[in-house]
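Here's the structure, in structure tokens; my notes come after.
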Amino acid sequence: MHNFEYANPTTVKEAAELLTAADSSVLAGGTDLLSSMKDYIATPKRVINIKGIKELGGIAKTATGLRIGATVTVDEIATNALVKAMFPSLAVAAQGIASPQIRNMGTVGGDLCQRPRCWYFRQGYGLLGQDKFGKQLVPIGENRYHAIFGGGPAYFVSPSSFGPALAALGAKVKMVSAQYGAREMDIAEFFVIPKNNISREIALMPNEVLTEILIPAPPAGAKNATYEIRHREAIDWPLATASVALTMKGTTVQSASIVLGHVAPAPWKSGAAEAAIAGKSITAESAEAAGAAAVADAKPLSQNGYKVQLAKVAVKRALLAAAGVKG
Ligand SMILES: Cc1cc2nc3c(=O)[nH]c(=O)nc-3n(C[C@H](O)[C@H](O)[C@H](O)COP(=O)(O)OP(=O)(O)OC[C@H]3O[C@@H](n4cnc5c(N)ncnc54)[C@H](O)[C@@H]3O)c2cc1C
């Protein structure tokens with residue numbers, strides 16, 4: 001790890017000003033940043049700890065929904081009564097993350113901004129996994145954990161478990177920079193699928209602090225759920241997930257928002273699955289059909305065909321979980 005300067009601001013304004021220096025990084029729980037620094041994937045000259053900034057904390061109801069501060073920990077989301085009541089899809093995503101230690105240290109802002117776990121990226125081959133001649137290594141190499149959607153040239157999978165759940169719920173993120181002040185964007189636009197060797201897979205500018213997440217209140221009778229499929233229960237990322245948010249008319253799905261996770265370089269919205277379930281009651285058969293629609297255009301690589309089946313099952317089970325139907 002290189003030497004770095006350490007700053008400990010107590011306001012967002014101060015943090016944003018400190019971030020105007022080149023090669024600065026925000027430090028929240030440090031569970032991803034520090035390992036990236038040890039691997040020289042991140043080499044900041046200045047590290048700005050934001051955990052002491054009170055205005056970045058807290059989970060609170062607003063006039064339009066729920067506000068979650070960027071430094072709220074994964075554990076706070078997993079256990080918060082409001083989150084569990086309004087957005088079980090988010091609580092389940094939080095409960096699945098890593099281990100108690102990581103859930104206590106890691107923050108929701110850090111989770112959304114964490115770097116991909118693609119082993120080519122982590123070994124210094126960039127987001128596209130290219131060697132020094134520009135040859136793409138993922139399609140010809142070890143690709144069992146890589147993307148089955150998107151079709152390249154980026155094949156890493158977005159590592160955030162919160163991303164798909166928040167995208168299905170139509171959340172927005174807010175960020176602040178000293179130069180441009182505050183801005184807000186849909187979480188779906190926050191995740192960027194690189195087409196060339198850009199340095200970042202999120203739409204956050206290098207001098208911005210992500211400050212909060214805003215989730216609109218669900219309409220009456222709405223349902224949401226997340227279903228994750230993992231190799232093992234703890235200390236690993238999921239292989240495939242699905243998050244669904246449904247508006248209902250009685251037992252009929254009026255409209256659905258269905259987003260798959262860990263199968264593409266960004267949370268992957270499935271219009272085909274949404275169309276397949278709209279206007280139907282959720283049964284094992286209709287949920288299965290939506291799962292099949294979700295993966296109809298999947299393009300697996302040489303070693304990850306198994307993820308197609310997992311993604312299909314994740315969609316089916318997320319729908320069944322949302323409706324409280326046994327599959
Ligand atoms: C073994 C293991 C298993 C894991 N499993 C999962 C899993 O299943 N699902 C999942 O989603 N995650 C998983 N994680 C990742 C974990 O959730 C993240 O490491 C954690 O949430 C990151 O939060 P942090 O506060 O520690 O971020 P940090 O490490 O402090 O920061 C991570 C990155 O985000 C930037 N950043 C952080 N906060 C902000 C902000 N407010 N504004 C701007 N930039 C910011 C930092 O500069 C850095 O680039 C796992 C991690 C480990 C080690």
Carbon/sulfur fraction of accessible area - the stretch 5-52, other protein chains in place, 1.4 Å, %
50
Near residue 299, which lysines are there with a Cα under 18 Å away, not counting those fewer than 8 places off in the same chain?
195, 269, 307, 312
Leaving ligands, DNA and RNA out of it, work out the accessible area of residue 75 with a 1.4 Å probe and give it in Å² to the nearest 10.
50
Which log10 I(q)/I(0) values, to two decimals, does the stretch 223-323 give at q = 0.11, 0.22 Å⁻¹ under the Debye formula with one point per Cα?
-0.29, -1.06
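Rounded to the nearest 20 debye, what is the charge dipole size of the stretch 1-122 about its Cα centre when +1 sits on each Lys and Arg Cβ and -1 on each Asp and Glu Cβ? Mind showing how you got there, number by number?
Numbers: 13 positive and 10 negative charges, 41 e Å.
With Lys and Arg at +1 and Asp and Glu at -1, about 200 debye.
Can you tell me the dipole magnitude for the chain around its Cα centre, using point charges on the Cβ only (Lys, Arg +1; Asp, Glu -1), in Debye to the nearest 20? All intermediate terms of the calculation are to be shown ahead of the outcome.
Details: 33 positive and 25 negative charges, 97 e Å.
Dipole about the Cα centre, nearest 20: 460 debye.
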Over the heavy atoms of residue 50, what accessible area does a 1.4 Å probe trace out, to the nearest 10 Å²?
10
Calculate I(q)/I(0) for the stretch 158-258 by the Debye formula, one identical point scatterer on each C-alpha and no solvent, and give its log10 at q = 0.12, 0.13, 0.24 Å⁻¹ to two decimals.
-0.52, -0.61, -1.23
Residues of the stretch 195-259: accessible area per residue at 1.4 Å, in Å²?
47
Limiting things to C-alpha atoms, what are the Rg and the maximum Cα-Cα separation (Dmax) for the chain, in angstroms?
19.4, 60
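Between residue 255 and residue 205, what length comes free when the chain is fully extended (0.36 nm per residue of separation minus the Cα-Cα distance, one decimal in nm)? Let's see the in-between values first.
On the way: separation 50, 0.36 × 50 = 18.00 nm, distance 3.36 nm.
Value of the extension gain: 14.6 nm.
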In Å, the Kirkwood estimate of hydrodynamic radius for the stretch 5-52 over Cα pairs equals 10.8
Have a look at 145, 229, 44 and report the one farthest towards the positive end of the charge dipole of the chain, computed about the Cα centre with Cβ charges (Lys/Arg +1, Asp/Glu -1).
229
So what is the orientation-averaged projected area of the stretch 20-108, using the convex hull of its C-alpha atoms, in nm²?
7.0
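Per the 1.4 Å probe, what fraction of the accessible area of the stretch 223-323, in percent, lies on carbon and sulfur atoms?
Whole-percent figure for carbon plus sulfur exposure: 55.
The values are calculated or read from the model by the stated rules, or taken from the named source; none is laboratory data. Keep in mind that this is a model prediction, so the values were computed, not measured. All Cβ positions, glycine included, derive from the backbone under ideal geometry; neighbour counts span all protein chains shown. Heads up: the accessible areas ignore ligands, DNA and RNA and are worked out on the full protein's heavy atoms, side chains in. Shrake-Rupley method; radii C 1.70, N 1.55, O 1.52, S 1.80 Å.
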